[in-house]
Amino acid sequence: MHVHATIDPQDTVNQDAFLDGLWKQNPVFVQVLGTCPTLAVTNSVSNALAMGAATLFVLVCSNVLISLVRKLVPKQVRIATYILIIATFVTVVDYVIKAASITVYKALGPFIALIVVNCIILGRAEAYASRNPVGRSALDGLGMGIGFIIALLCLGGVREILGAGTFLGYPLFGPGYQPWVLFLLPPGGFFTLGAWLLAFNAWKRRKEKTA
């Protein structure tokens, strides 16, 4: 007797909702969204991780709540409602980071508050959470948030290693190493992001040709 396994289309959709944000629709490397915090806070891995975690929390929570109330909100005030929901969770993150680490809070500066107008979060609220059920919206926020963290860590790792010779504050090279301070400055952020975008697009194009 042969048993044929069937794939539930619902499981496939949920899997795509999560995986798209990680790779296929990565918010930084594919959609090139959220470049302001991406360039501003990635001068160290710790700052990149803190900003990524804060954005992940706001993304998941706002997606879930917006999905829950999507049928109750009139179309005329939906954007204002989304911003109010997002701002509420950003306020929570702001207080949590301030209580946990003043050093990280000062390093991130105004960019915590600017999560409210991050194109990634508002875009997912309008394009996905407002049109899909809660579970799928949570997976979408989780995938996009982790994809954003991956992108920030890619930039933060390169910039901290080359610009300071450290990783998470721990020295990697001997005392003779001369840091490339340029990578800790704003131009270094642009160079690093451009290099990652070039590498990502080259890999994607090569994969498409192979396929």
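Please treat every number below as a calculation from the coordinates, not as lab data. Keep in mind it's a predicted model, so treat the numbers as computed, not measured. Counting neighbours? That spans all protein chains shown, and the Cβs are built from the backbone with ideal geometry, glycine included.
Under Stokes-Einstein, with the Kirkwood radius over Cα pairs standing in for Rh, what whole-number D in µm²/s applies to the chain at 37 °C and 0.692 mPa s? Using the Kirkwood radius from Cα pairs, D works out to 178 µm²/s. Dipole of the chain computed with +1 at Lys/Arg Cβ and -1 at Asp/Glu Cβ about the Cα centre; of Tyr105, Pro171, Gly143, farthest Cα towards the positive end is Gly143. Here's the list of lysines a cross-link from Lys98 could span, going by alpha-carbon distance under 28 Å and ignoring same-chain residues fewer than 8 apart: Lys106. Between Ser130, Ser46, Ser101, the residue with the greatest mean-square fluctuation in the GNM of the chain (Cα pairs under 10 Å linked by springs) is Ser101. When +1 charges are put on Lys and Arg Cβ atoms and -1 charges on Asp and Glu Cβ atoms, the dipole computed for the range 157-211 relative to its Cα centre reaches about 400 debye.
Angle of helix 134-164 to the longest C-alpha principal axis of the chain, folded into 0 to 90 degrees and rounded to 10: 10°. For the residues Leu184, Leu197, Leu122, a GNM of the chain with alpha-carbon springs under 10 Å puts the largest fluctuation on Leu197.
The string of couplings for the range 165-170 from the Karplus curve (6.51, -1.76, 1.60, θ = phi - 60°) is x, 10, 9, 6, x, 8 Hz, one whole number per residue in order, with x for Gly and Pro.
Taking the centroid of alpha carbons for each part, the range 146-201 and the range 34-113 are 23 Å apart. Karplus-based coupling profile of the range 122-132, in residue order and whole Hz: 5, x, 5, 5, 6, 7, 10, 4, 6, 10, 9, with θ = phi - 60° in 6.51 cos²θ - 1.76 cosθ + 1.60 and x standing for Gly or Pro. Here is how the number arises for the chain: DSSP H runs of 4 or more residues each give -39500 (n - 2.57), the sum is divided by the residue count, and the result at 222 nm is -22000 deg cm²/dmol. Amide H to amide H distances under 5 Å link Phe167 with Leu172, where only residues 5 or more positions off or on other chains count and H is placed in the peptide plane. Among Ala80, Ala53, Ala107, which one moves the most in a GNM of the chain with springs linking Cα atoms closer than 10 Å? For the chain, modelled as a Gaussian network with Cα springs under 10 Å, the answer is Ala80.
Using only side-chain charges placed at the Cβ, +1 for Lys and Arg and -1 for Asp and Glu, the dipole size of the range 59-211 relative to its Cα centre rounds to 600 debye.
Between helix 45-69 and the chain there is an angle of about 10 degrees, using the helix long axis and the longest principal axis of the Cα atoms.
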